Each structure stands twice: as C-alpha cells, then as structure tokens.
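The values are calculated or read from the model by the stated rules, or taken from the named source; none is laboratory data. Please read all numbers here as calculations on a predicted model, not as lab measurements. Cβ placement follows ideal geometry from the backbone for every residue including glycine, while neighbour counts extend to all protein chains displayed.
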Amino acid sequence: MENIFSRTNTFLYIENRMRLFIVLTMILFLPVLHGYAQQVNPYDDSSFNPVSERNKILKNHIRSVKAINSADKNVAKEWFFDAKGNIIKKTIYSDKGNTESETQFIYDNTMRLTSERTTFALADTTETYYTEYSYDETGLKEKTVQFASDGSISLISSFKYNEKRFLIESYSYSGDSSLQNMTNYSYDVMNNINKRLVFKWFEEDWVLINTYVYFFDAQNNLIEVSLARLGNLLWTDVFSYGSKNLLSASKEHDMQDSKYMRNYIYVYDFYPESKK
C-alpha cells in the first residue's frame, strides 16, 4: 500500500512539473502576454519616478511630445499634458498613420489619477477598456480595477509600500478573485527603481516570469531598461537626452515583435511661459 501511495505522489509531482513546463514554455514564446509585459518609456511608464518626470514636464512647460519613427519620419506615438504636468492623452499610430489606440487620463482636484480609458481601433469597430484608481487616506495608490470592453472586471491590483512611501509590492487578481501576479520593486540610492520582478502564481507557489532592470544617468534620467523572461533576455531599450534633460532619441522594441527594434526621435510643443 505504501508503494502505491508513493507511486501516486510521484506521478502527481511529475504531472504538476509537466504542466508547469508547458505553461512556462507558452509564456516564454509569446511575444506579448497581457499582464506580463508592457512598454517602458519615460512617458509610457512613469512608475519608476513619477514625481521627477512630472516636475520635468511642468518645469519645461511641455504641452505635447511626438515620437517620430526615424525610418519613415511618421509619428508613432504622441503624448499630451495639461498645464500642471499631468498626462491627459496618449495616442498610438500605425505605420500607415492611422490611430491604433487612444488613452485618456482623468484626475481629481489633488492631481491624483482616478481613471483612464483606452479605445482600440479594430478592423470594423472599436473596443474600450477602463482602469479605475483608488487611494488610501494618506494619498498612496491603494487599488486599481481594470475593466474589459464588455464592462466586466478583468484585473484587480493592490499595492504595498515601505516606510519611505515607496511601492515595494503589488498583487493582481482576476475578475473571479483568483490570484494572478505578484510584483516586487527595488530602488537605487537615488530612489530610482532599478529592478521589477513579476511572479506568476502556479499551483501553490510563485514562479518568477519577468525581470525588468532599469539604469539611470547622474541626472536621474532613464537611459536603459531590459526585460528577461524566465531568465532569457527578450529586449533592451535605450534612451538618450538633449538639452534640459528632455528625451531626444530612443531605441525601443516593437510591442508585437520584440525582436524588431524601432528608432525614435522626439519633437516637443510647449505652453507659453507665464511672465513673472
């Protein structure tokens, strides 16, 4: 009887390892997997230093920024900001110049992001996805809720901070409350994020899926970020800066095919400076 139980446990262990191998293999070879990979750019992802980035935008009176594809000189991405330095809209264009998606950002009277709405242009229709943000009594982001185009909840995320009010951990749950992802954040001596680890819950344990590594220059500008999935390097994006520490050029991976790199140059439009 003991041998039967022993063999059963061995078979269950092998079965679980095989399932894990299949899941991890699928994750490794998918170019884009929702919840695991995202575009990382000083204007796309301000999680690494949002206050510093907003101050730079505000200080330089930036109204909008265009990322122009160096190959065909077409506008690939465009960001719009209000006079307080908050991003209010982002548009992504196809290689033919058509709008692929547009995201609008809404803030409360304390400049906290409360919601965003992204509309994707499909072949013969559009789909809109929503994200709502809530905060604790001290002003720290407490929860985000993402909604699918049909209005159902697709993902819920909660956040944990250290004594310096730095984000150190987040958890994501699907609409049915099942645990999905855990993300750990670490920072350098200048308080810039230097690593982000994304884990996937599998059976009864966490499996490290994505490792983002960030590098900054002496002026705290993001100059390089890389993504390794299951220990395999997928891409490395590089950013360079010009006068006033404004992003001037970048080499970034394509979201649909991470092996394909795109070179961008950045063009700015500014608000008139107020007379003192």
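In the list 200, 160, which residue meets the criterion of being touching a residue at least 12 places away in the same chain (Cβ under 8 Å) and charged (D, E, K, R)?
Answer to the selection: 200.
Restricting to the stretch 44-86, name every residue that is at pLDDT 90 or above, aliphatic (A, V, I, L, M) and within 19 Å of residue 114 (Cβ to Cβ).
Hit for the stretch 44-86 is 83, nothing else.
Among the residues of the stretch 185-197, which ones are more than 17 Å from residue 160 (Cα to Cα), free of Cβ contacts under 8 Å to residues at least 24 places away in the same chain and of a type outside the set (A, V, I, L, M, F, W, C)?
194
For the stretch 250-276, give me the residue count where each residue is within 27 Å of residue 199 (Cβ to Cβ) and either hydrophobic (A, V, I, L, M, F, W, C) or part of a helix (DSSP H, G or I) (or both).
1
Show the residue pairs meeting these rules: Cβ distance below 6 Å; 6+ apart or different chains; first residue within the stretch 77-90 and of a type in the set (Lys, Arg); second residue not in a loop (DSSP other than H, G, I, E, B).
As it stands, the answer is 77/67; 77/92; 89/80; 89/104; 90/79; 90/103, since those pairs meet every condition given.
Give the residues of the stretch 252-271 that are of a type in the set (D, E, K, R), closer than 13 Å to residue 238 by Cα and modelled with pLDDT of 95 or more, sorted by residue number.
none
Take the residues in the stretch 163-175 that are assigned to a strand (DSSP E or B) and without any contact (Cβ under 8 Å) to a residue 60 or more places away in the chain; name whichever of them is surrounded by the most Cβ atoms within 10 Å (Cβ to Cβ).
The residue in question is 170.
Restricting the search to the stretch 151-162, which residues are part of a loop (DSSP other than H, G, I, E, B) and either within 20 Å of residue 114 (Cα to Cα) or in contact with a Cys (Cβ under 9 Å, 6 or more places away or on another chain) (or both)?
151, 152
Of 217, 254, 188, which residue is surrounded by fewer than 16 Cβ atoms within 10 Å (Cβ to Cβ), closer than 21 Å to residue 159 by Cα, acidic (Asp, Glu) and in contact with a Phe, Trp or Tyr (Cβ under 8 Å, 6 or more places away or on another chain)?
Unique residue meeting the criteria: 188.
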